Amino acid sequence: ATAVLRDLGLTVSGTRPQYDQRVEVGRVVGTDPTTGTTVSPGSAVTLLISDAVTMPEVLGRTVADARATLEGLGLQVQVRQLAPLNSSVVVSQTPAANANVEKGGTVTIVAIP
């Protein structure tokens, strides 16, 4: 993205994080000023970089392990289970593995003893 902007005679003044569920972490999701805005040659542009978290697969893990992994990524964890055991096994997760989620978002896991 930086090379494309430089080829257009623009400079990159920096980056700013922005969540976009369709774009992987670290990829450009937009610019400021936005695409289609008329700017003068040499103008500075800020790149908006996806700060989405890619949801890991936690199926088959214990509740304790899944919680540690998810909280380590900055996510909130909601556990649904019949008995409150950290050794219960995760059988379902929402959002699904590989989904892009917002840091601080809530993940629901369902576990059975």
Could you please give the count of residues in region 1-27 that are under 21 Å from the mean Cα position of the chain (by Cα) and either at pLDDT 95 or above or not aliphatic (A, V, I, L, M) (or both)?
12
Filter region 1-17 down to the residues that are without any contact (Cβ under 8 Å) to a residue 40 or more places away in the chain and in a helix (DSSP H, G or I) and list them by number.
ALA3, VAL4, ARG6, ASP7
Considering only residues that are within 14 Å of the chain's Cα centre (by Cα) and at negative phi, look in region 70-93 and name the one that is surrounded by the fewest Cβ atoms within 10 Å (Cβ to Cβ).
GLY72
If you check GLY36 against the conditions, is it without any contact (Cβ under 8 Å) to a residue 60 or more places away in the chain and closer than 27 Å to GLY74 by Cβ?
no
Any residue at all in region 24-35 that is open to solvent by 80 Å² or more (accessible area, probe 1.4 Å) and assigned to a strand (DSSP E or B)?
no
Select, from ASP20, ASP65, the only residue that is among the charged types (D, E, K, R), without any contact (Cβ under 8 Å) to a residue 12 or more places away in the chain and open to solvent by less than 80 Å² (accessible area, probe 1.4 Å).
ASP65
Over region 62-79, the set of residues under 14 Å from PRO95 (Cα atoms) and of a type in the set (Val, Ile, Thr) is VAL77, VAL79
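The values are calculated or read from the model by the stated rules, or taken from the named source; none is laboratory data. Being a predicted model, the structure only gives us computed values, none of them experimental. Every residue, glycine as well, gets a Cβ built from its backbone with ideal geometry; the counts of neighbours run over all protein chains shown. The accessibility values were calculated without ligands, DNA or RNA, using every heavy atom of the protein model including side chains. Shrake-Rupley method; radii C 1.70, N 1.55, O 1.52, S 1.80 Å.
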